[in-house]
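Visitor: Please read through the structure below; I'll follow up with questions.
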Amino acid sequence: MSFVVAVILRLVAWVVLWLGGLAATRAVVEPAARQGAEAFPQLAWPALALALLGAAGAYGIVAAGWGRWMDGRSFWLRLPLALLWAGGAALLVLAAVSALARVEPLTAGRVTAPVLLLAVLGSRLLWVAGLLAALAGSTLGARPAERRRRLGPGRLGL
């Protein structure tokens, strides 16, 4: 039971780090974008690193849980499921790129790097596409049934 609580607390910590990094990045980059700056402020890089680190941690925990659940499943179940996750991620990326193409008219034809960064970080479609790509990878990376029988349970005895 304490293992589940630890995983949930770790997931909450990663999500808080992710959202805090997004808020910090927005707070640092938005004034530069409004002024039409061509370059990023120096504080944008650590804030962006926090956001990406938090997202990677949260996605990693979710993908590891999904991969653990897929351990021992048939390859013929995992392959179509991974293709479904990857196809969904690709479609979401295409939709997000289409939405990002509409950023230019909103900025009077002058898209600068800070404006584009804010548009990319604000795109929920890209964040969901990243999660689907992580799920596809963990689906393909799950151990097949014969390896699980031969090697026994994975780390932590699960």
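Visitor: Can you give the helix-only mean residue ellipticity at 222 nm for the chain, where every DSSP H stretch with n ≥ 4 adds -39500 (n - 2.57) and the sum goes over all residues, rounded to the nearest 500 deg cm²/dmol?
Guide: Helices in the chain give a 222 nm mean residue ellipticity of -26500 deg cm²/dmol.
Visitor: Another question about this same structure. In terms of the ratio Rg/(2.2 N^0.38 Å) built on C-alpha atoms, what value belongs to the chain?
Guide: 1.29
Visitor: Heavy atoms only, probe 1.4 Å: what % of the accessible area of the stretch 36-130 goes to carbon and sulfur, would you let me know?
Guide: Carbon with sulfur: 76 percent of the solvent-accessible area.
Visitor: How much accessible area per residue does the chain have, in Å², with a 1.4 Å probe?
Guide: Roughly 61 Å² per residue, with all protein chains present.
Visitor: Under the 0.36 nm per residue contour assumption, what length would be gained going from the current alpha-carbon distance of Leu11 and Ala99 to full extension?
Guide: 28.7 nm
Visitor: Still on this structure: For helix 124-141, what angle does its Cα long axis make with the longest principal axis of the chain, in degrees from 0 to 90 and rounded to 10?
Guide: Result, in degrees: 20.
Visitor: So what's the stretch 28-82 giving for Cα Rg divided by 2.2 N^0.38 Å, two decimals?
Guide: In units of the 2.2 N^0.38 Å rule of thumb, it is 1.91.
Visitor: Determine ³J(HN,Hα), in whole Hz, for all residues of the stretch 34-41 in sequence, where each value follows from phi through the Karplus function 6.51 cos²θ - 1.76 cosθ + 1.60 and θ = phi - 60°; x replaces Gly and Pro.
Guide: Values per residue, Gly and Pro as x: 5, 7, x, 5, 8, 10, 7, x Hz.
The values are calculated or read from the model by the stated rules, or taken from the named source; none is laboratory data. Remember, it's a predicted structure, so these values are computed and weren't measured experimentally. Just so you know, the surface numbers come from the protein's heavy atoms only, side chains and all, with ligands and any DNA or RNA stripped out. Shrake-Rupley method; radii C 1.70, N 1.55, O 1.52, S 1.80 Å.
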